[in-house]
Every structure is written in structure tokens, then in C-alpha cells.
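First comes the structure, then the notes that go with it.
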Amino acid sequence: MLRPKYRAPLALALLMTVPGASQAAESAAAAAPASGLAYPATARGDTVDTQFGVEVADPYRWLENDVRTDPKVAAWVAAENKVTDAYLDTLPGRDVFARRMTELYNYERFGLPEKAGERYFYTRNDGLQPQSVLYVRDGLGGEGRVLIDPNAWAKDGATALAEWTPSKDGTHLLYAVQDGGTDWRIVRVKDVATGEDLPDEIRWVKFSALDWAKDGSGFYYSRFPAPEDGETFQSLNENQAVYFHKLGTPQSADVPIHATPDKPALNHTAQVTDDGRYLLVTSSQGTDERYGLTLYDLSKQAPKPQILVDDFANNWEYVGNDGSRFIFLTNKDAPRQRLVAMDIGKPDAIAPLVAESEATLVGASQVGSRIILSYLGDAKSEARMVTLDGQPVAEINLADIGTASGFDGKLGDPETFYAFSSYARPTTIYRLDTVTGKTTIFAEPKLTFDPKQFSVEQRFYKSKDGTEVPMFVVMKKGLDRSKGSPTLLYGYGGFNISMTPAFSPTKLAWVDQGGVLAIANLRGGGEYGKAWHDAGRLANKQNVFDDFIAAGEYLIAQGITGKGQLAIEGGSNGGLLVGAVTNQRPDLFAAALPAVGVMDMLRFDRFTAGRYWVDDYGYPSKEADFRNLIRYSPYHNIRDGVEYPAVLVTTADTDDRVVPGHSFKYTAALQHADAGDKPHLIRIETRAGHGSGKPTDKIIDEAADKYAFAAKWTGLAVE
């Protein structure tokens with residue numbers, strides 16, 4: 001799919017002053033399981049909230065406190081990690097997985113090139129570098145030189161190069177620094193010719209697009225007000241505004257362009273149109289693709305805002321413009337999306353260009369005199385080329401079942417690049433000429449394995465209500481299928497996010513050891529457009545859990561896996577998924593791996609980015625939503641006296657998206673419960689956030705721990 005405009009974050013964080021451990025009503029160590037583990041003693045408080053006549057106990061609220069500032073929480077983290085590390089050290093497959101993952105990661109990787117002037121900018125990783133390095137070439141055939149190497153920024157490799165964009169002429173580079181996995185960014189500017197940084201520095205940037213003025217005099221960005229002391233990683237994100245920064249001036253002199261102080265919940269991102277004349281501000285309140293559009297005519301001295309769309313009812317993604325004729329991708333009157341044209345002089349008059357089709361239109365980009373359309377057909381990428389009037393030109397032949405991304409371009413330039421990958425095929429970068437239709441390879445990895453050793457199948461199974469759900473199944477060719485194999489089932493199911501085929505060295509290591517990998521395309525995602533998303537959110541959220549449970553039952557019924565051989569994994573909203581289905585069907589799974597999960601569904605909207613998530617989850621403060629949320633909230637539905645699978649929770653101590661308090665509270669409650677003899681542990685990474693910016697070594701270490709744990713409890717023989 002195409003590179004999307006910046007969206008609101010898809011996870012949460014916390015803000016709350018909570019009782020400390022010293023206020024706890026009792027302190028008790030959970031009963032040791034038969035495995036001999038002794039969990040740390042965790043203080044239980046007496047906090048009880050009454051909502052709509054329902055008393056809701058929250059004995060571990062003190063674990064919401066920031067580990068950076070609360071020594072009691074820090075001590076709890078250290079104690080839990082000590083127990084978990086000691087257990088993981090006993091797993092024989094841990095070193096095997098780490099070694100194989102290292103081998104699979106050790107190949108040259110390239111990011112999509114971006115052309116500016118006559119220069120080409122792209123990232124490259126030689127294989128095991130903690131962070132990818134940004135290179136620049138003078139001309140397509142020029143030799144690449146290092147422009148930014150973030151591996152020199154921190155000894156632990158946890159400071160990353162985040163967003164970056166060159167000026168239109170390629171003379172300057174605007175780039176963002178991400179430290180320790182936080183969502184906050186520090187924005188800087190580099191002179192491309194000399195490699196030197198300019199003195200310009202912008203702070204308090206989060207969830208922002210970055211775009212240059214056409215003449216390169218400065219750039220547009222979005223920021224929040226500076227948080228109060230001590231609240232940097234927990235305060236609620238409100239009052240985002242768009243600013244213009246002129247090069248060579250301090251941030252205090254930046255000009256506010258667009259703000260809505262009367263509507264503090266709105267987010268605003270800005271992009272300059274391809275012709276440089278207009279600034280288009282896209283506004284949203286939550287994670288739903290329901291936007292407002294405001295236009296500023298930059299050719300005027302003091303441009304006034306022109307509202308194009310203000311109903312916040314549909315998706316609107318800018319594709320390109322010819323003067324006042326704008327082309328948008330939208331789901332207005334088209335749940336699987338279509339392409340339309342709008343005359344900004346008459347924004348209510350929408351002219352159809354490309355009609356909705358059976359496949360889901362997920363991206364569009366203007367490249368020269370063509371528009372490239374990206375579709376999902378049963379969760380697999382398809383790409384088509386049309387004229388600026390929407391007339392068909394050609395299909396773009398992709399290599400296999402997989403995912404294509406990129407296709408960015410510019411008006412008047414027929415050159416574009418796209419990446420293609422699949423479960424057994426690492427990313428290859430292709431160059432496409434939209435006039436000739438010729439495709440050539442820009443960068444292709446040299447592999448340490450043979451992709452032909454693996455098979456990728458797509459299956460369809462029925463969920464509880466009869467809905468057909470697609471699922472990809474990956475295994476090693478020649479695997480003995482006469483009996484079930486240990487299987488890792490992965491899912492997400494939310495926020496219109498599609499699970500499309502992608503290469504993962506860590507997951508391929510599981511398959512390489514003889515395990516099966518299954519990825520279910522659950523409702524709540526975007527695989528089949530708006531209706532598929534709506535069917536898995538708000539009051540329909542249980543459909544997501546039913547789809548995932550049905551996937552597990554299907555894998556067993558088909559003999560792909562057997563009873564006691566099924567592990568489940570998911571992160572963020574997928575961590576919520578794993579926590580919920582583990583409570584609902586603990587008998588179905590041998591092991592569960594919930595990562596950075598949303599585990600307390602009654603308090604998620606109180607902290608940092610949590611307020612955005614009401615679009616998918618609902619409002620805990622509204623009775624109907626509350627009664628739905630409390631039915632599946634993982635923290636509140638752990639069952640006493642029931643045998644649970646082995647559980648390894650993973651999170652990071654500095655995650656300010658889904659803050660670790662969610663996982664801390666859930667783990668403490670699970671360890672306190674009478675939930676059987678299998679281990680229920682938490683692995684807490686240091687100086688890592690929600691996932692982005694995590695260095696390669698930390699990715700490998702965590703995945704080796706998780707999959708060795710899953711192998712132990714599903715019976716996968718690791719050699």
C-alpha cells in the first residue's frame with residue numbers, strides 16, 4: 001500500500017496519581033505453581049470504583065505509576081524480571097532461536113528511496129546494525145554516502161532516526177530523533193552537501209507530519225504544548241497545533257498556522273500540495289478515518305482557512321491536484337473506497353474518477369501523468385495504474401502473494417519505487433517507470449536461506465456467526481502433516497489495520513524449526529473496508545475474539561495443530577486480543593504471548609494518547625460502553641480456579657503509547673489468581689517503547705525468549 005498520511009497513534013498511555021504501595025491493604029506473594037516458580041510479593045490496595053452501580057476493584061492501581069519516578073514500581077519491575085530471567089535461562093531453545101534469528105536478520109536491507117532534486121535518499125542496514133543508516137546518492141547511479149548514522153547516538157543503540165523528509169530541491173534534510181522508544185520527537189535540519197546540522201531544533205513534536213515549503217525556506221509541523229514537569233510521558237495529549245518554522249530562527253518564533261483551542265481533542269497534520277501552492281490540514285479526533293479538511297492558499301500574504309470538509313464522517317486522503325482540481329481517495333458512499341475529484345471552489349461537488357470495486361482500495365498516489373492504485377484482494381496486494389481522469393492503463397504485476405508498499409511520486413516525474421515482501425520473501429525494492437511500464441530492481445537482498453523451502457497458503461474458515469475469515473498459514477515444505485505441529489497463531493483485529501503478508505526473521509525462525517505460523521485476518525481490521533472494521537469494534541468487539549477462537553479451533557480440526565500445541569501472540573490491540581481470549585477459552589491454548597497490550601479497558605482513555613481509542617473501544621464513562629468493556633477487559637476477567645495456559649507478558653518500562661501499567665496490573669492479577677500450575681510471567685524491556693525504534697539486538701533477544709517459551713509449552717523440538 002502507499003505510504004499513508006500520519007494517523008493518530010494506535011495504542012495508549014497513562015496519566016494518573018495513584019496510591020503507592022505503602023497504602024496497600026495487604027501484601028501477598030502469589031501461590032507458587034508446580035513449576036517451582038515463586039512470584040514476587042505484590043502489594044494489593046483497596047481501591048474500588050463504583051461505575052453505574054457496579055463496584056470495580058482495582059487493587060494494583062499503584063502499578064500505573066511511572067517506573068521512572070516511583071521507586072516502588074521500579075523495585076517491582078526488577079523483582080519480576082529476576083524471576084522471569086531465571087526461568088527463561090532454563091529453556092534449551094532460547095540460544096538456538098537467538099542464533100537462527102541472528103542468521104536470518106543478517107542480510108542487507110534497504111528502505112524505499114525518496115527523490116528530491118537529483119538526489120536519492122534511502123535507508124540501509126548491513127544486517128545486524130542496531131539502527132538503519134540514512135544514505136544519499138547524487139543521481140540514480142551515484143554512489144551512496146552516509147548522511148545520518150544513528151548508531152553513534154547511544155551506546156545501547158536505542159536512539160533511532162524516526163521520520164525524515166528532504167527539501168524539494170534536496171539541499172536540506174528534515175529529520176526526527178526518537179530516544180528510547182518514546183513517541184516524542186526532536187526535529188532537526190541537516191545540510192545535505194556538508195552533512196552538518198543547522199542550529200534549528202524543534203521539541204514537543206508527536207504524531208506529526210513533516211513537510212517543507214516549496215521554496216525550502218522552512219517547514220510545517222504539528223506539536224503539543226510542553227507538558228508540566230514530571231508529566232512528559234503520562235500527560236494527556238491535547239491542543240495539537242500546526243506551526244511553520246523558518247530556517248535560522250528559534251522555535252519560539254515559529255508561526256502558528258492552524259489550531260482549535262475550542263476543540264482541544266482535535267489532532268491536526270499538514271501537507272504541502274505537489275504544486276507548492278496550498279497547505280492542506282487534515283484534522284481528526286480519534287483513530288477512525290473520519291476527517292475534516294482545511295485549505296490555506298500559500299500564494300496569499302495572510303491566507304485564511306478555507307473549510308473543504310467539516311462533517312468528520314469519512315476518510316479523505318490527498319492524491320494530487322491540478323490547480324483547483326483536487327483528487328482524493330475516500331470512503332464517502334464507498335465502504336471499500338474510491339477515487340474522486342473535487343473543485344475547491346465547489347467542494348460539495350464530487351466527481352467520481354474510479355469507482356468502488358470488490359477489492360479494497362487502500363492507497364493512491366500521483367506519479368507523473370499516472371495514478372497508481374493499491375488494493376487488497378483477500379488481504380493480498382494488487383496494484384493498478386490509471387490516467388489522471390481515472391481511465392485504466394495497466395495492472396502492475398507483483399512477484400507473489402505478498403505486500404507491496406511505496407509508489408510515491410511527483411507531478412511531471414514518471415519514476416516511482418515500491419517494496420514487495422511476503423512471509424518467506426524479504427523486501428525487494430523495485431523502480432517503476434509509469435510511462436514505459438518497465439520495472440527494474442533497485443535493491444535485492446542476498447539471503448542466508450532458500451525461500452523455496454517454505455510454503456504459504458491462504459485458508460478461509462467460519463467464525464462463530466458463520467462469517468468467513470481468511471487466514472495465512474506458513475510452514476516448511478516437507479513438514480509431516482499426518483499429525484499436528486506446534487503452531488503460533490497471530491492476530492490483531494482493530495483500528496482498520498490490515499494484516500498483510502510480510503517478512504519477519506523472528507517468525508521465520510519459528511517456522512524453520514518445524515513450527516507452523518498462522519496469521520488470521522480478523523474483523524476490526526481493514527482487509528475488506530469499512531464494514532469489516534465496523535464489524536469488529538465498539539459493541540461488535542466480541543466478534544474479533546470469536547474470530548480468533550474460531551481460527552484456533554479450525555487449526556485443530558484441520559489437523560494443522562493439535563490440542564496442547566497451539567500458542568497465540570498479539571501486540572498492542574493484539575495484546576488485548578490475546579488477554580481476552582485467554583480468559584474466555586483458556587482450555588484452547590497451550591501458551592499465550594500478549595505484548596504491550598491494552599489490559600485495563602475501564603481506564604485506557606485517561607492517559608496520553610488513550611483518548612483517541614474510543615473510536616474502536618467506546619467511552620468507559622458511558623454506561624452502554626462500560627457494560628460492554630467490562631465484559632472482556634483482560635485485567636477484570638481473570639478467572640479463579642481455572643487452568644490457564646503458560647503466559648509470557650512482554651512490555652517495556654518506557655513505553656509511552658500503551659504504558660506498561662496495563663501489563664503490570666494484568667500480570668499481578670494473574671499471578672495472584674488460582675490459575676493453574678503453568679508459569680505466568682512478565683518480561684520488561686529497558687529503554688524501549690511500544691516497538692518503533694527498537695534496536696535489532698533487543699528485537700532478537702525478546703523474540704528468542706518468547707518463542708523458546710512457546711516452544712516449551714507447545715512441544716516444539718528446537719534443534
Exercise for review: Test GLY494 against the criterion of being buried (at least 22 other Cβ atoms within 10 Å of the Cβ), in contact with a strand residue (DSSP E or B) (Cβ under 8 Å, 6 or more places away or on another chain) and closer than 28 Å to SER405 by Cβ, and give yes or no.
Suggested key: no
Review point. Does THR608 meet the test of being touching a residue at least 60 places away in the same chain (Cβ under 8 Å) and either on the phi > 0 side of the Ramachandran plot or within 25 Å of the chain's Cα centre (by Cα) (or both)?
Key: yes
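Yes/no matrix, rows are residues, columns are (1) small (Gly, Ala, Ser); (2) closer than 23 Å to GLY368 by Cβ:
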position	(1), (2)
VAL281	no, no
TYR291	no, no
LEU295	no, no
LEU298	no, no
ALA302	yes, no
GLN306	no, no
ASP322	no, yes
LEU329	no, yes
MET342	no, yes
Check your understanding: Restricting attention to the range 656-673, and to residues there that are closer than 29 Å to TRP184 by Cα, out of contact with any strand residue (DSSP E or B) (no Cβ under 6 Å at 6 or more places or on another chain) and part of a loop (DSSP other than H, G, I, E, B), which single residue is most open to solvent (accessible area, probe 1.4 Å)?
Key -> ARG657
Review point. Does the range 422-466 hold any residues that are within 30 Å of LYS541 (Cα to Cα) and buried (at least 18 other Cβ atoms within 10 Å of the Cβ), and which are they?
Key: SER422, TYR423, VAL456, TYR461, SER463
Practice item. Can you work out which of the residues in the range 116-132 that are open to solvent by less than 50 Å² (accessible area, probe 1.4 Å) and touching a helix residue (DSSP H, G or I) at 6+ places or on another chain (Cβ under 7 Å) is farthest from ILE429 (Cα to Cα)? Key: PRO130
Study note, to complete from the structure: All-but-one check, ALA75 against (1) closer than 30 Å to GLU623 by Cα; (2) out of contact with any helix residue (DSSP H, G or I) (no Cβ under 7 Å at 6 or more places or on another chain); (3) surrounded by fewer than 16 Cβ atoms within 10 Å (Cβ to Cβ); (4) at pLDDT 95 or above, failing number (1)
Review point. Looking only at the range 183-199, which residues are open to solvent by 10 Å² or more (accessible area, probe 1.4 Å) and either within 21 Å of GLN240 (Cα to Cα) or in contact (Cβ under 8 Å) with a residue 40 or more places away in the chain (or both)?
Key: TRP184, ARG185, ILE186, ARG188, LYS190, GLY195, LEU198, PRO199
Review point. Is there any pair with a first residue in the range 444-455 that is farther than 13 Å from SER421 by Cα and a second that is open to solvent by 70 Å² or more (accessible area, probe 1.4 Å) and not polar (S, T, N, Q) whose Cβ atoms are under 6 Å apart and which are 6 or more apart or on different chains, and what are they?
Key: THR448/GLU103; GLN453/LYS477; SER455/LYS477
Point to revise | In the range 235-268, the residues that are in contact with a strand residue (DSSP E or B) (Cβ under 8 Å, 6 or more places away or on another chain) and at positive phi | key: GLY248
Exercise for review: Considering only the range 263-377, give the strands (runs of 3 or more DSSP E) lying wholly within it that have at least 1 residues that are modelled with pLDDT of 95 or more and of a type in the set (Phe, Trp, Tyr).
Suggested key: 278-284, 292-297, 316-322, 325-330, 370-377
Point to revise | Residues that are under 28 Å from the mean Cα position of the chain (by Cα), crowded, with 19+ Cβ neighbours inside 10 Å, in contact (Cβ under 8 Å) with a residue 24 or more places away in the chain and not in a strand (DSSP E or B), drawn from the range 207-234 | key: PHE207, SER208, ALA209, LEU210, PHE233, GLN234
Point to revise | Residues being of a type in the set (Asp, Glu) and either within 27 Å of the chain's Cα centre (by Cα) or not in a loop (DSSP other than H, G, I, E, B) (or both) - total across the range 50-64 | key: 2
Review point. Looking at the range 685-711, which of its residues are in contact with a strand residue (DSSP E or B) (Cβ under 6 Å, 6 or more places away or on another chain) and of a type in the set (A, V, I, L, M, F, W, C)?
Key: ALA688, PHE709, ALA710
Review point. In the range 552-565, is there at least one residue being crowded, with 20+ Cβ neighbours inside 10 Å and of a type in the set (Lys, Arg)?
Key: no
Point to revise | Test for GLY368: is it surrounded by fewer than 20 Cβ atoms within 10 Å (Cβ to Cβ) and touching a strand residue (DSSP E or B) at 6+ places or on another chain (Cβ under 9 Å) | key: yes
Check your understanding: Among GLY676, GLY641, GLY618, which is the only one that is at pLDDT 95 or above, in contact with a Leu (Cβ under 8 Å, 6 or more places away or on another chain), at positive phi and surrounded by fewer than 24 Cβ atoms within 10 Å (Cβ to Cβ)?
Key -> GLY618
Review point. Can you tell which of GLY691, GLY597 is at pLDDT below 95 and closer than 24 Å to ASP179 by Cα?
Key: GLY691
Practice item. Of all residues in the range 68-98, count the ones that are in contact with an Asp or Glu (Cβ under 6 Å, 6 or more places away or on another chain) and of a type in the set (Asp, Glu). Key: 0
Exercise for review: Tell me which residues, restricted to the range 253-287, are of a type outside the set (A, V, I, L, M), surrounded by fewer than 16 Cβ atoms within 10 Å (Cβ to Cβ) and under 23 Å from GLN301 (Cβ atoms).
Suggested key: PRO256, ASP275, GLY276
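The values are calculated or read from the model by the stated rules, or taken from the named source; none is laboratory data. Every value quoted in this text rests on a predicted model; they were computed, and no experiment measured them. Cβ coordinates were reconstructed from backbone atoms using ideal geometry, including for glycine residues, and neighbour counts include every protein chain displayed. Ligands, DNA and RNA are excluded from the accessible area calculation, which covers all protein heavy atoms including side chains. Shrake-Rupley method; radii C 1.70, N 1.55, O 1.52, S 1.80 Å.
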